[in-house]
Amino acid sequence: MSIQENISLLPYNTFRMDVKARVFAEYNSVEELKELLVRYKGEQILHIGQGSNLLFTKDFDGIILHSAMRRARCVSEDEENVWIEADNGLVMDELIEQLCDMGISGMENLSYIPGEVGASAVQNVGAYGVEAKDVIETVRAISVETGTEHVFTNAECKYGYRDSIFKNELRGQYIITYVVFKLNKHLAPKLDYGNLRSEVSGEMSATAIREAVIRIRKQKLPEVSETGSAGSFFKNPIVPRELYESVAARYDKVPHYEQDGGIKIPAAWLIEQCGWKGKKKGGAQCYEKQPLVLVNAGNASPEDIIHLAAAICADVKNKFGITISPEVNYI
Ligand SMILES: Cc1cc2nc3c(=O)[nH]c(=O)nc-3n(C[C@H](O)[C@H](O)[C@H](O)COP(=O)(O)OP(=O)(O)OC[C@H]3O[C@@H](n4cnc5c(N)ncnc54)[C@H](O)[C@@H]3O)c2cc1C
């Protein structure tokens, strides 16, 4: 394991916030993770992946844990399916690339989402009509308090839109160590979302879909290596039908989808209507190609991002009476 003290978290968060952590510890095995949990018992602990959904608002006076476990293995298979167990620290997109190369499908729509396997099961990452919950079979996790393992079934993870038990009742209580994904040997393409179907070129395969997804994402989203961001900053609000109808009476062609008994209105549309698309506040900017994304337009401080997000939320509330809330975790 490696333990560093008082280090900058700049390389460990995609928003590129230059804050410090008192301790940054990286482990190579579950045994090492358990040792760290004993050593730092009672301290404030935060486990991170690639830091692609975090906004560090200030120096972190606690222990940051990170996994250097980055393998995956087949644990079972039958005629139709294959079960892959992946380590928490494996980069999701590397796993997906390998699976597509092997002709194993199920996760290709999730291509190019930043982040590691452990976090994908916390966040229930989703894109182009597929969510992690659709392929997660079980999640193995270690209790921060006792160091014992618990295996969560998919149902026990209580998945919802970018949501899980690990973000609610069990927030901060478990460290996910392995995720078992149930995948397909035969391609069952999911192409109904947006313009995905028309983007797939050549013979249909998991790789062809992956390449199409990557092409679309590159047109719309900032490259992590070039521009600091945490992807979609806000969740799409699901509002009562009456509220949607009052908005639809005042505006032309309000985009909307039925979901969970309410009406989902894209936060990007609400933000654009408020005139924020492309606008800057300090070093923070509402991304010009996708207003749901806030970017670090150069040396943004945490306060710059916080103030921009708050101003956008206030404008959406004033104009539409709709509350939008961050998807990003404020730390
Ligand atoms: C350019 C860009 C595009 C994006 N596009 C999408 C998208 O299309 N769809 C989508 O869903 N998301 C998207 N995201 C958000 C982000 O990629 C996901 O939320 C991803 O799952 C975060 O992974 P991470 O490893 O960076 O986790 P982090 O940001 O480091 O952590 C996220 C949360 O998970 C917790 N956590 C991390 N690892 C563990 C573990 N092993 N055990 C327990 N808790 C843990 C952390 O404490 C934190 O609460 C995007 C982000 C960026 C920057």
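Among residues of region 129-142 that are away from the ligand (no atom under 11 Å from the Cβ), those with a Cβ under 7 angstrom from a residue that is basic (Lys, Arg), sequence gap 6+ or separate chain, pair up as 129/190; 135/182; 137/182.
Go over the candidates 187, 191 one by one and state the one that is out of contact with any strand residue (DSSP E or B) (no Cβ under 7 Å at 6 or more places or on another chain) and either in a loop (DSSP other than H, G, I, E, B) or not charged (D, E, K, R) (or both). Don't jump to the end; show me each part of the working.
Values: 187 fails: out of contact with any strand residue (DSSP E or B) (no Cβ under 7 Å at 6 or more places or on another chain).
Of the residues listed, the single one that is out of contact with any strand residue (DSSP E or B) (no Cβ under 7 Å at 6 or more places or on another chain) and either in a loop (DSSP other than H, G, I, E, B) or not charged (D, E, K, R) (or both) is 191.
Given the residues 195, 184, which is the only one that is closer than 17 Å to residue 84 by Cβ, more than 20 Å from the chain's Cα centre (by Cα) and not aliphatic (A, V, I, L, M)?
Working: 195 fails: closer than 17 Å to residue 84 by Cβ.
Result: 184 is the single residue among 195, 184 that is closer than 17 Å to residue 84 by Cβ, more than 20 Å from the chain's Cα centre (by Cα) and not aliphatic (A, V, I, L, M).
Any chance region 194-203 includes a residue that's away from the ligand (no atom under 16 Å from the Cβ), more than 30 Å from residue 304 (Cβ to Cβ) and surrounded by 17 or more Cβ atoms within 10 Å (Cβ to Cβ)? Yes, that holds for at least one residue. Within region 129-166, the only residue that satisfies the criterion of being of a type in the set (Ser, Thr, Tyr) and modelled with pLDDT under 95 is 161. Number of residues in region 184-225 that are within 15 Å of residue 126 (Cα to Cα) and of a type in the set (Ser, Thr, Tyr): the value is 1. Being within 16 Å of residue 265 (Cβ to Cβ), away from the ligand (no atom under 14 Å from the Cβ) and either charged (D, E, K, R) or without any contact (Cβ under 8 Å) to a residue 12 or more places away in the chain (or both) is a condition met by no residue of region 227-236. For residue 211, are the conditions met, namely being assigned to a loop (DSSP other than H, G, I, E, B), in the same structural domain as residue 106 (by TED's automatic domain parsing) and of a type in the set (Asp, Glu)? Considered against the rule, which asks whether it is assigned to a loop (DSSP other than H, G, I, E, B), in the same structural domain as residue 106 (by TED's automatic domain parsing) and of a type in the set (Asp, Glu), residue 211 comes out as no.
For region 60-82, the set of residues classified as surrounded by 14 or more Cβ atoms within 10 Å (Cβ to Cβ) and closer than 16 Å to residue 8 by Cα consists of 60, 62, 63, 64, 65, 66, listed by residue number.
Of the strands (runs of 3 or more DSSP E) lying entirely inside region 45-114, not one contains at least 1 residues that are under 14 Å from the mean Cα position of the chain (by Cα) and at pLDDT below 95.
So which residues in region 115-157 are assigned to a helix (DSSP H, G or I), touching a helix residue (DSSP H, G or I) at 6+ places or on another chain (Cβ under 9 Å) and not acidic (Asp, Glu)? Matches in region 115-157: 117, 119, 120, 121, 122, 123, 132, 133, 157.
Could you please find all residues in region 145-169 being within 9 Å of the ligand (Cβ to nearest atom), of a type outside the set (Phe, Trp, Tyr) and at negative phi? Outline the logic, then answer.
Narrowing region 145-169 to residues within 9 Å of the ligand (Cβ to nearest atom): 162, 166-167.
Now narrow it down to the ones that are of a type outside the set (Phe, Trp, Tyr): 162, 167.
Hit for region 145-169 is 167, nothing else.
Here residue 93 fulfils each of the conditions (1) within 11 Å of the ligand (Cβ to nearest atom); (2) in the same structural domain as residue 139 (by TED's automatic domain parsing); (3) in contact with a strand residue (DSSP E or B) (Cβ under 9 Å, 6 or more places away or on another chain) apart from (3). Scanning region 148-177 for residues that are surrounded by fewer than 14 Cβ atoms within 10 Å (Cβ to Cβ) and of a type in the set (Lys, Arg) yields a count of 1.
When you scan region 256-264, do you find a residue that is of a type in the set (S, T, N, Q) and farther than 24 Å from residue 163 by Cβ, even just one? No, region 256-264 contains no residue that is of a type in the set (S, T, N, Q) and farther than 24 Å from residue 163 by Cβ.
Yes/no per residue for (1) modelled with pLDDT of 95 or more; (2) among the basic types (Lys, Arg); (3) assigned to a strand (DSSP E or B); (4) more than 15 Å from residue 126 (Cβ to Cβ):
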position	(1), (2), (3), (4)
230	yes, no, yes, yes
236	no, no, no, no
243	yes, no, no, yes
247	yes, no, no, yes
252	no, no, no, yes
263	yes, no, yes, yes
268	yes, no, no, yes
272	yes, no, no, yes
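Of all residues in region 245-269, which are surrounded by 11 or more Cβ atoms within 10 Å (Cβ to Cβ) and more than 30 Å from the chain's Cα centre (by Cα)? 245, 246, 248, 251, listed by residue number.
The values are calculated or read from the model by the stated rules, or taken from the named source; none is laboratory data. Here the structure is a predicted model, which is why all the values come from computation and not from measurement. Here Cβ is always computed from backbone atoms with ideal geometry, including for glycine, and neighbour counts include all displayed protein chains.
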